[in-house]
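Report on one structure; see the data block that follows.
The values are calculated or read from the model by the stated rules, or taken from the named source; none is laboratory data. Keep in mind it's a predicted model, so treat the numbers as computed, not measured. As a convention, Cβ positions derive from the backbone with ideal geometry for all residues, glycine included, and neighbour counts pool all protein chains shown. Just so you know, the surface numbers come from the protein's heavy atoms only, side chains and all, with ligands and any DNA or RNA stripped out. Shrake-Rupley method; radii C 1.70, N 1.55, O 1.52, S 1.80 Å.
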Amino acid sequence: MPVVAGVSGATMAAGIKYRDRDDLLLMTFVPGTVAAGVFTRSRCASAPVDWCRKILGAGTARALVVNAGNANAFTGMRGADAVTATVEAAAEACGIGAEEIFVASTGVIGEPMNTSAFASHLRHLAGQQTADVWQNAAAAIMTTDTFAKMASRNLELGGRRITINGIGKGSGMIAPDMATMLAFVATDAPVDASALQRWLAAGTKVSFNAITVDSDTSTSDTLMAFATGEAGGPPLTDDPADHDGAQFADALADLLFDLAMQTVKDGEGLTKFVRIEVTGAENEQAADAIARAIADSPLVKTAIAGEDPNWGRIVMAVGKAGERADRDALAIRFGDIEVAKRGEVSPTYREVDGAAYMKRDEIDIHVDVGIGTGAAVVYTCDLTHDYIAINADYRS
């Protein structure tokens, strides 16, 4: 990962839950850094999410504090107190205002977080800041992840070399309901704050909101972007005449998609990566609902895990989605294999072909519901015994 001008950070092992690994990140930004964010729609959002929403309106940031192992969610007033203690400690350690410090937490829900050592921890981290922090940062925010998730993009805009870096975490409690993970993006591009917010939201729609591992939306979902402006020049905007802005937006969206695919490919217990495309729906929203119904069906997911081409379960999922579908026009494909058309099994389909296809590591399922022009794609994975094992003893 390259450095991003105007961004520094450090990590350490704070012993929040894990032993012998870093689990606390402090990242700092130069004055003038703008911020954007999108957060979980859970009605039981964590205290850090509440804080970030509260201060995001100012559109500026000087620091980010992230911990792994404790979500600081469903912890009552103690959760808010823990956030206050964290931002006050970071403000003192870095010599900046608390209202420009964002906080994110991931891990076990319902356990109060002990922040008594955070003042000394953050003073230590403030003194260890380095621009080459990205690899360590990606590792420090992991929970049940099996690998650190990172992505970077470089582009030339009007003679300026622009860098965009991103890190993320997530492998379980992943559903397409914003943002389905923790993810943090930073760039040295000068970007208009309102444009950055709109670009982040638009990129999320087709990346993090298009993945699902287990249909469960986290209390802590947070996606934030920070633009330091250190590359120089006028701010990029989403004005249609700003071609540099459009190129930046495309690069940002591509990076977000990369991180989202890394997330679903690290789904807990995963053995198969699955792309589900629905066409012929009444509209885009209907297509998305049908695709999610297929992707989140335990019966579909376990069939895929067992390499069983049980296309009847896909028909079931389409029918339960609650959206219009023409049973007698329904068509299903596994990759290039035509499985069903006009509401019944295709005369050319052979079960042996479907079974062979299901042995692949990556599977494409296409469903046309024969109503209109609505289309959507959702990315998911299979459901295995390992998913149960990972989550059955996660808290203990």
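Tabulated data for the structure shown
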| read-out | value |
| --- | --- |
| Single residue of TYR387, TYR349 found to be open to solvent by less than 50 Å² (accessible area, probe 1.4 Å) and assigned to a loop (DSSP other than H, G, I, E, B) | TYR349 |
| Of all residues making up region 40-55, the number that are open to solvent by less than 20 Å² (accessible area, probe 1.4 Å) and either of a type in the set (Asp, Glu) or under 16 Å from the mean Cα position of the chain (by Cα) (or both) | 2 |
| Residue, nearest to CYS52 (Cα to Cα), within region 66-81, restricted to residues that are free of Cβ contacts under 8 Å to residues at least 40 places away in the same chain and either in a helix (DSSP H, G or I) or touching a strand residue (DSSP E or B) at 6+ places or on another chain (Cβ under 9 Å) (or both) | ALA80 |
| Qualifying residue in region 98-106 (condition: in contact with a Gly (Cβ under 6 Å, 6 or more places away or on another chain) and not in a strand (DSSP E or B)) | no |
| Only listed residue being open to solvent by less than 30 Å² (accessible area, probe 1.4 Å), in contact (Cβ under 8 Å) with a residue 60 or more places away in the chain, touching a Pro at 6+ places or on another chain (Cβ under 6 Å) and closer than 27 Å to PRO190 by Cα, chosen from ALA104, ALA36 | ALA104 |
| Strands (runs of 3 or more DSSP E) completely within region 250-343 that count 2 or more residues being β-branched (Val, Ile, Thr) and open to solvent by less than 70 Å² (accessible area, probe 1.4 Å) | 273-281, 337-341 |
| THR84 being open to solvent by 40 Å² or more (accessible area, probe 1.4 Å) and free of Cβ contacts under 8 Å to residues at least 24 places away in the same chain | yes |
| Region 151-168 - residue that is among the hydrophobic types (A, V, I, L, M, F, W, C) and over 14 Å from the mean Cα position of the chain (by Cα) and, of those, most open to solvent (accessible area, probe 1.4 Å) | LEU155 |
| Scan of region 12-34 for residues that are under 21 Å from the mean Cα position of the chain (by Cα) and outside any loop (DSSP other than H, G, I, E, B), ordered by number | LEU24, LEU25, LEU26, MET27, VAL34 |
| Evaluation of SER8 against (1) over 19 Å from LEU252 (Cα atoms); (2) crowded, with 21+ Cβ neighbours inside 10 Å; (3) of a type in the set (S, T, N, Q) (one fails), failing number | (2) |
